[in-house]
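Right, I'll just put the structure down here and ask away after.
The values are calculated or read from the model by the stated rules, or taken from the named source; none is laboratory data. Not measured: the values here are computed from a predicted model. Heads up, the Cβs are rebuilt from the backbone with ideal geometry, glycines too, and the neighbour counts pull from every protein chain shown.
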Amino acid sequence: MLQLRVFNRLLQHFYWRTQESTKSLLPGFPSQLWGGYRSTWHRNKSSLPDVRERTLIAVKPDGVQRRLVGQIIHRFEQRGFKLVGLKMVQVSEDLLSQHYCELRAKPFYPSLLHYMTSGPVVVMVWEGPNVVQTSRKMVGHTNPTEAQAGTVRGDFSVHVSRNVVHASDSLEGAQREIQLWFQGKDLLNWECCDQGNMMED
Ligand code: UDP
Ligand code: MG
């Protein structure tokens, strides 16, 4: 049994080394796009969720001001997802306009920009099986009046204009947002010591 686990680890290691060296043959090709391509391939081939799926979660300025950062991180850790990137930033309007490019025509867009630039945000990348969809469920409905108790928005907010947290809404959206907020070198591929207890090797 132990031998099998060691063998699996070696295979995993070899798999990542191969990926890394293949990536180095593709200079300029964004690493998150590479991950996304592999995600799709993995799903289609095996129909198992990709354990390395990633999503962008951000604690918005109201969440930072209200000292909710720790509680929000705790929920994702508790669920069993892996933190692979984290930083605190004062966001520029330019970055935000790219982040919210689909909302530019909405009447609330100017106040959304004002809100999101009103103070620092804590932005993170979390990794794990089905993390995009699961984290949307954990974050809850966009409008806190509709959000279920037990979700972040359902527990910590009362109005759509101050809903505490952002979560990517699709795999494609997550890849786009991760590239926008993080450089590839700032995301870490590391091995959780409890991984074998969280999912099958
Ligand atoms: N928003 C708002 N008023 C609205 C709808 C949305 O202020 O009527 C803000 C809110 O902060 C929301 C963000 O715009 O989180 C992005 O909206 P989206 O529809 O993408 O919701 P989300 O993906 O954040 O749930
Ligand atoms: Mg959205």
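In region 170-189, is there at least one residue being within 27 Å of residue 110 (Cβ to Cβ) and over 16 Å from the mean Cα position of the chain (by Cα)?
Scanning region 170-189, I find no residue that is within 27 Å of residue 110 (Cβ to Cβ) and over 16 Å from the mean Cα position of the chain (by Cα), so the answer is no.
For residue 169, only one of the following conditions fails: (1) more than 24 Å from residue 78 (Cβ to Cβ); (2) within 14 Å of ligand 1 (Cβ to nearest atom). What is its number?
(1)
Only one of 161, 135, 111 is in contact with a strand residue (DSSP E or B) (Cβ under 9 Å, 6 or more places away or on another chain) and in a helix (DSSP H, G or I); which?
135
Take residue 131 and tell me if it is among the β-branched types (Val, Ile, Thr), more than 30 Å from residue 201 (Cα to Cα) and either crowded, with 16+ Cβ neighbours inside 10 Å or more than 19 Å from the chain's Cα centre (by Cα) (or both).
Against the criterion (among the β-branched types (Val, Ile, Thr), more than 30 Å from residue 201 (Cα to Cα) and either crowded, with 16+ Cβ neighbours inside 10 Å or more than 19 Å from the chain's Cα centre (by Cα) (or both)), residue 131 does not qualify.
Okay, moving on. Find the residue count for region 140-166, including only residues that are more than 9 Å from ligand 1 (Cβ to nearest atom), of a type in the set (Gly, Ala, Ser) and within 21 Å of residue 111 (Cα to Cα).
1
Within region 55-65, is even one residue modelled with pLDDT of 95 or more, among the hydroxyl-bearing types (Ser, Thr, Tyr) and either loosely packed, with under 14 Cβ neighbours inside 10 Å or under 22 Å from residue 187 (Cα atoms) (or both)?
Taking every residue of region 55-65 in turn, at least one turns out to be modelled with pLDDT of 95 or more, among the hydroxyl-bearing types (Ser, Thr, Tyr) and either loosely packed, with under 14 Cβ neighbours inside 10 Å or under 22 Å from residue 187 (Cα atoms) (or both).
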